[in-house]
Structure formats: structure tokens, C-alpha cells
Amino acid sequence: MPADSRTPVLAGVAAVQQRDDDPGKAREPVELMIAALERAAEDAGARQLLARADRIAAPRGFWDYADPCRLVAERFGAAGARTEVAEVGVLQTTLLGRAAAAIAAGEADVVLVTGGEAKHRQQRAAQTGREAPLTRQTGVEPDLVLRPHDRIMSRSEVAAGLQMPVGQYAMIENALRAAEGVPVDAHRRAVAALWARMSRVAVENPDAWSREPVSADAIREPGPRNRMLAFPYTKLHNSQWNVDQAAGLVFCSLGTARALGIPRERLVFPLAVADSNHMLPLCERRLLHRSPGFARAGERALGAAGRRVEDVAHLELYSCFPSAVRVQARELSISESRELTVTGGMAFAGGPLNNFVLQALVRMAGVLRGDPGSAGMVNAVSGVLTKQGVSLWSSEPGPGFRFEDATAETAREVEAVPIADAAGGPGAIVTYTVLFDGDAPSRTVLLCDLEDGRRALATSPDPGLAEAALREELCGRKVQLGASGVALA
């Protein structure tokens, strides 16, 4: 069946990055966004799309612009454009789904989606003491601000020193290892091998921040340039967010693309987006190594697109940390032996805070254009595997774009466990990690099931406990919690 004129299409894409060591000369984030959108319109061969924008959307970054989308609209002369900013905690796939759905419903004809960071520039400013000017806005606010409806981290998690995501994702990693019965050393080798494979994909990605392959040994073993952050994760397991990168995506209706003479082979079709927005802090989840939201979002997206996961040739599983990739693969029934990225992942391609999915979609669009008829999956995570997004794309239209919500099914499936603010007595370790300060362990963080059905987070500065945690499987071990500390039974 021929595609309807209201069918949403991704007509133009572009990614930009800069590596200027002079923060006074380097472009600020909004200028990178504008440059990316200009290149995206050039990619479509229709610069007039920029001035015709009905909506402009961006995910919140490290920057503090009140409404960067308004600055974009003013630059392009899109005076009537409605602006949307998604705060941290909103899935990046939500912006993609909203853009495509608005076009399909006739609520918009051209939608620009952009995001960018200049944290390398900011870092250089701090290192050199030089100014890195930023545009200031006063008396401005977006037409719409999308916000998460609940908290990402609990007070107990913050109190235990788990403010940075690396500690919580390390705890997911250790829980997954224990659930699958893999020895500690074998697990570390497998995770490092996966990440080394991803680094080799980044070599072929012209928009990757780091295009040097990295060996599994170099990733796994801590050293002067690769210190341990949260066991089992070294620095090279982590998303690289000190980058200056931006992405620009130009969506329009198929009818508009035809009228402007955009070549058919340039168009990429959004088939489906499915989000799960159920929110529960990590330590309150009964099964830390599972993410039912990905299974349910995957089912909804694949069903809407009339595809099986085996039909999806190209994958971009969200890659903030290895456990995120590995849990997604299991929930979506994707073999870890498959190529799980087209970008090289956030550790190597670059992970600009709340913008990586946009960067990834630029790369995926190029891959799909080069493989006519194929389909690709680009996924998103918000929080600590808190929210899950699955999006499907193809160089050929599907049965009709759908934006699905898997939140209710996920909420029914995720079992919550109450957390005790303070607890003593016997328990069993659910998962754990060792946090590092420089080259030395600073404390061991343990999540324990108590005999009364609640859970407790415990921390210990004991170097002996940290040493045991680095070489032995502690998950499932009996433990005694008390005012004097933590003791393994």
C-alpha cells in the first residue's frame, strides 16, 4: 500500500563536533545545535524546511539556556514554531515519538529535533582559566516543558553515596553476573570483550569522538589512565561525556518531502516508538538484573511495525554502561554475539548527557540509507534503567507510524520492595559494588534483603571487605548488619 502524504519521514540528519582547545573560540552548545540543523537541512537538500518548522524540540543538557529552541527558531526565521524542552529524566525516544506522531496527526508538518553539549569546551575553560561565553536569555520559557513524574534516585541511595550512575549500574552488573552464575573473573573478561568490540565499531563511525580501537585487557584492567570507578567498572566502561557534540534531525510529512523534491532514497521512516515511563528507584526493585519495561516496549514497538526482532538488521542498544546493553539484549531476546551498536557506544562514540539517542539516530539513518529495505532499532534509557524506550526505523514505510505506551504493563510486572532507613541484624546480599577514590577503594556498598521482607543499604570502609568484594562473589552471602559495621557471615 502506498504511504499516505501524512506519513512522517526523517528527511535530513547531521552530527557535528568540535575539538577546539581554546574555549573562547569554540562554539557554545546552541551554536553546535544550529550548525547540526543547518547541515541536516542540507542533507535533505531543502534548507527551506528550517524556516517552515512548526515545532522545535530539544532534550535538556548541562547548559542553562531557558529555551534553546527559541534561539534556534530566531536564527532560522521560524517565528511561529512551538518550542519544547525535555528535562533530564524524560526519554529521548519520547521526543522522537512526539515529533512523528504530531506529523502523522496533522498537528505539525515540519519538526526539528536537536540537542548538543560543549562539555569539552567547559572543561578547557576550567583548565585554562579562560572565558567560555554563553548566550543568556531572560523572560523566556519554552511553550512546553516535559518533566519526569517521579524521582530517579531515592534518599537512601543518595545517602549511601550512589549519586553517580556508575555505582548503581555496577550494582546491576554484579546482580546480573550472580543471577547467571558466572564466575567473577570470567564475567569481567566477557564485559571487557563486549566493550572492546564496540570500540572497533566506533573506528568506522566518522562522528565518533574516539576512533581508536581499545583492547579488552586495556578496558578490564585498571591503570593510571583507566582507574577503577565502581567495581567492576573502570573509566573505559563509562560513557564519555566530556565531548562537544550536537545532532540535528529534520522531520516532515511525506507529502512535503515530495513537494520539495527530496530524493526518495534520502528518506528514513519511523515505524514505531514505544516508551515505558514507570519509575521505581533501583534498590526498590525486586529483580535488579531485569528490566521488564524493555521487554514490554519491545513487544509494543515490534508489534506496531509488524516485525520480529530477528527482522531488525541494525541495532543501537543504549550504552551508558555495559549492564544497560546486556540487560536490554536479554529482555529483547537479542544474542550478545550480534553487533549491538552502529555508533560504537557512549564510551567511544561520545555520550553527551541527554543527547546520545539523537547522535545515534544520525548514524542509524546513514546505515539504513546504505542498506535499502532494512530496519534498525535505536533504544533509550532514562535514569538507572528506570525508563525504557524502543524505536524502529526503516528506509521503507511500515503499516503506519504508531507511538505506543507500555507504562501500565511494566508497572504491573515490576515488583517493589520497601527500603528500611536504618536496619540491623541478619540479612543476605542482593548485590554490591566497591566505590573508589583515586586508586584506592573508599567503601563497599551492599544492598541486603532483611528477614522482615524489607531491604537495607549498608556501606563499609573496611578494606578487608573491599578486598573480598573485588575477588569473590558476595551476592547471596549472609551478612550481619549493625552499628559497628558490616560482617560477612
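Points worth noting:
Yes/no matrix, rows are residues, columns are (1) assigned by TED's automatic domain parsing to the domain that holds F348; (2) over 15 Å from S323 (Cα atoms); (3) more than 20 Å from the chain's Cα centre (by Cα):
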site: V184; (1), (2), (3): no, no, yes
site: R188; (1), (2), (3): no, no, yes
site: A192; (1), (2), (3): no, no, no
site: A196; (1), (2), (3): no, no, no
site: A208; (1), (2), (3): no, yes, no
site: P213; (1), (2), (3): no, yes, yes
site: D217; (1), (2), (3): no, yes, yes
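- Matching residues, the range 98-122, being within 13 Å of L144 (Cβ to Cβ) and in a loop (DSSP other than H, G, I, E, B): E107, A108
- The lone criterion from (1) touching a residue at least 40 places away in the same chain (Cβ under 8 Å); (2) not aromatic (F, W, Y); (3) not in a loop (DSSP other than H, G, I, E, B) left unmet by V140 is number (3).
Yes/no per residue for (1) surrounded by 19 or more Cβ atoms within 10 Å (Cβ to Cβ); (2) outside the structural domain of A246 (by TED's automatic domain parsing); (3) touching a Pro at 6+ places or on another chain (Cβ under 6 Å):
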site: A58; (1), (2), (3): yes, no, yes
site: A66; (1), (2), (3): no, no, no
site: F76; (1), (2), (3): yes, no, no
site: A86; (1), (2), (3): yes, no, yes
site: A102; (1), (2), (3): yes, no, no
site: G106; (1), (2), (3): no, no, no
site: V111; (1), (2), (3): yes, no, no
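- Test: residue in the range 428-436 that is more than 30 Å from A100 (Cβ to Cβ) and at pLDDT below 95: no
- Test: residue in the range 74-85 that is within 18 Å of N355 (Cα to Cα), in contact (Cβ under 8 Å) with a residue 40 or more places away in the chain and not hydroxyl-bearing (S, T, Y): yes
- Yes/no for L37 being in the same structural domain as F356 (by TED's automatic domain parsing) and out of contact with any Asp or Glu (no Cβ under 7 Å at 6 or more places or on another chain): yes
- Filter result for L10 (crowded, with 23+ Cβ neighbours inside 10 Å and either more than 30 Å from H278 (Cβ to Cβ) or at pLDDT 95 or above (or both)): yes
- Applying a threshold of 8 Å to beta carbon distances and a minimum spacing of six or more residues, or different chains, the list of pairs starting in the range 411-440 at a residue that is within 17 Å of A179 (Cβ to Cβ) and ending at one that is at pLDDT below 95 and assigned to a helix (DSSP H, G or I) is empty.
- All positions within the range 244-279 that are of a type outside the set (A, V, I, L, M, F, W, C) and assigned to a helix (DSSP H, G or I): G255, T256, R258, R264, E265, R266
- Pick from the range 327-344, criterion of a type outside the set (V, I, T), more than 28 Å from R147 (Cβ to Cβ) and under 15 Å from the mean Cα position of the chain (by Cα), ranking: surrounded by the fewest Cβ atoms within 10 Å (Cβ to Cβ): A329
- When R177, R130, R147 are checked against the criterion of being over 22 Å from L91 (Cα atoms) and in the same structural domain as V72 (by TED's automatic domain parsing), R130 stands alone in meeting it.
- Among the candidates A35, A51, A26, the residue that is of a type outside the set (K, R), at pLDDT 95 or above and touching a Phe, Trp or Tyr at 6+ places or on another chain (Cβ under 6 Å) is uniquely A51.
Every residue, every condition in (1) touching a strand residue (DSSP E or B) at 6+ places or on another chain (Cβ under 8 Å); (2) among the aliphatic types (A, V, I, L, M); (3) at pLDDT below 95, yes or no:
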residue: R155; (1), (2), (3): no, no, yes
residue: A160; (1), (2), (3): yes, yes, yes
residue: Y169; (1), (2), (3): yes, no, no
residue: A178; (1), (2), (3): yes, yes, no
residue: A186; (1), (2), (3): no, yes, no
residue: S199; (1), (2), (3): no, no, no
residue: E204; (1), (2), (3): no, no, no
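- Close pairs (8 angstrom Cβ cut-off, 6 or more residues apart or separate chains): assigned by TED's automatic domain parsing to the domain that holds S382 in the range 307-323, among the charged types (D, E, K, R) and not in a loop (DSSP other than H, G, I, E, B) anywhere: E316/R363; F321/E173; P322/E173; S323/E173
- Hey, L260 touching a helix residue (DSSP H, G or I) at 6+ places or on another chain (Cβ under 8 Å), under 30 Å from C448 (Cβ atoms), in the same structural domain as T386 (by TED's automatic domain parsing) and touching a residue at least 24 places away in the same chain (Cβ under 8 Å) or not: no
- Unmet requirement for G351, which otherwise passes all of (1) buried (at least 24 other Cβ atoms within 10 Å of the Cβ); (2) at pLDDT 95 or above: (2)
- Those residues of the range 300-325 which are part of a loop (DSSP other than H, G, I, E, B) and touching a Gly at 6+ places or on another chain (Cβ under 9 Å), in sequence order: G306, R307, V312, A313, L317, Y318, S319, C320
- Spans of helices (runs of 4 or more DSSP H) in the range 151-240 with at least 2 residues crowded, with 18+ Cβ neighbours inside 10 Å and not polar (S, T, N, Q): 165-180, 184-203, 216-220
The values are calculated or read from the model by the stated rules, or taken from the named source; none is laboratory data. All values reported here derive from a predicted model rather than from experimental measurement. All Cβ positions, even for glycine, are placed from backbone atoms using ideal geometry, and neighbour counts span all protein chains on display.
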